[in-house]
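*Asks:* Below: one structure in structure tokens.
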Amino acid sequence: MQVRLNKFIASSGLASRRNADELIKEARVMVNENIVLEPGLVIETDKDVVYLDGEKISQVKRVYYLLHKPRGYVTSTADEQKRPVVVSLVPPIPKVFPVGRLDINTTGLLLLTNDGDFSNFILHPSNGFIREYIAELNVPLDEVRRKQLEKGIMVEKKFSRFLSVKFPTKNKKIVVVRAEEGRNHFVKNMFSTLGIMVVKLHREKLGPFAVEGIHPGRYIIVPESKIKKLLEEYGVRS
């Protein structure tokens, strides 16, 4: 089968297509016995052998896990402090990595994959995937500050806002917030700017994905057909 070299590398799970371009331009990729500097080179997957830093690249099946992250797990593939990591909750082969981050004590929806292009697609701000969180606060949220959060405030020198802030029950310490922002600690920083501390945080949704019905520590496999359909809806070639 014929495929572009950068797509072949991305499909192996070693890098996104953009990062594969950089690896190739840095002269770290060989096809057969020749260093290649052209990312768009078309190779024959059943004949050509591709190497990265001298190691043969093998194609692996792309996988997509939707995990209900429990408290106490680090969103990483490894941790210097030997704390449990999220990749230990899914099969070890093929190797995957988390799409974005959740704080160690934040629970809820986390995607893991070996598809670098898909990860970039989900995280890129231009695609506008909405994140929905359930937050438990240390004090009730009054109407003045609720409106401020929806209207917008300055957080880390950037104008920021929630798309919506709602109360699912009469308890004004529990709020459901929706945002397009994916910055680290974004939800907690929004509230702390107004003098409110987030005691517990749970991500319920990310774009078309939802964690409802999945028990903490468990995962489901997202069919590749669903991923392909999502990419097609956004005009992205898989």
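The values are calculated or read from the model by the stated rules, or taken from the named source; none is laboratory data. Only a predicted model underlies this, so the values are computations on that prediction, with no experimental measurement involved. When we count neighbours, we look across all protein chains shown, and the Cβ atoms used for this are built from the backbone with ideal geometry, even at glycine.
*Asks:* With the requirement that a residue be under 25 Å from K188 (Cβ atoms) and either in the same structural domain as L201 (by TED's automatic domain parsing) or in a loop (DSSP other than H, G, I, E, B) (or both), what does region 83-121 give you?
*Replies:* Scanning region 83-121 gives R83, P84, V99, G100, R101, L102, D103, I104, N105, T106.
*Asks:* Look through D103, D21, D46 and report the one residue that is modelled with pLDDT under 90 and not hydroxyl-bearing (S, T, Y).
*Replies:* D46
*Asks:* If we keep just the residues of region 54-79 that are touching a helix residue (DSSP H, G or I) at 6+ places or on another chain (Cβ under 9 Å) and loosely packed, with under 11 Cβ neighbours inside 10 Å, which is modelled with the lowest pLDDT?
*Replies:* In this case the residue turns out to be K61.
*Asks:* Kindly establish whether K205 is assigned to a helix (DSSP H, G or I) and surrounded by 12 or more Cβ atoms within 10 Å (Cβ to Cβ).
*Replies:* Taking the combined requirement at face value, the residue does not satisfy it.
*Asks:* Here is a follow-up. Search region 174-202 for residues being without any contact (Cβ under 8 Å) to a residue 60 or more places away in the chain, β-branched (V, I, T) and not in a loop (DSSP other than H, G, I, E, B), and hand back the single one that is surrounded by the most Cβ atoms within 10 Å (Cβ to Cβ).
*Replies:* V175
*Asks:* If you don't mind, there's one more thing I want to ask. When the residues of region 152-173 are narrowed to those that are among the aliphatic types (A, V, I, L, M) and part of a strand (DSSP E or B), which ends up surrounded by the fewest Cβ atoms within 10 Å (Cβ to Cβ)?
*Replies:* Within region 152-173, the match that is surrounded by the fewest Cβ atoms within 10 Å (Cβ to Cβ) is M154.
*Asks:* Output yes when any residue across region 129-137 is more than 14 Å from the chain's Cα centre (by Cα), surrounded by fewer than 16 Cβ atoms within 10 Å (Cβ to Cβ), at pLDDT 95 or above and more than 30 Å from M1 (Cα to Cα), and no when none is.
*Replies:* yes
*Asks:* For F159, which of the numbered conditions (1) at pLDDT 95 or above; (2) touching a Gly at 6+ places or on another chain (Cβ under 8 Å); (3) closer than 28 Å to L67 by Cα fails to hold?
*Replies:* Just one mismatch for F159, condition (3).
*Asks:* Assess whether V236 counts as being modelled with pLDDT of 95 or more, among the β-branched types (V, I, T) and either closer than 30 Å to R62 by Cβ or not assigned by TED's automatic domain parsing to the domain that holds T113 (or both).
*Replies:* No, not satisfied.
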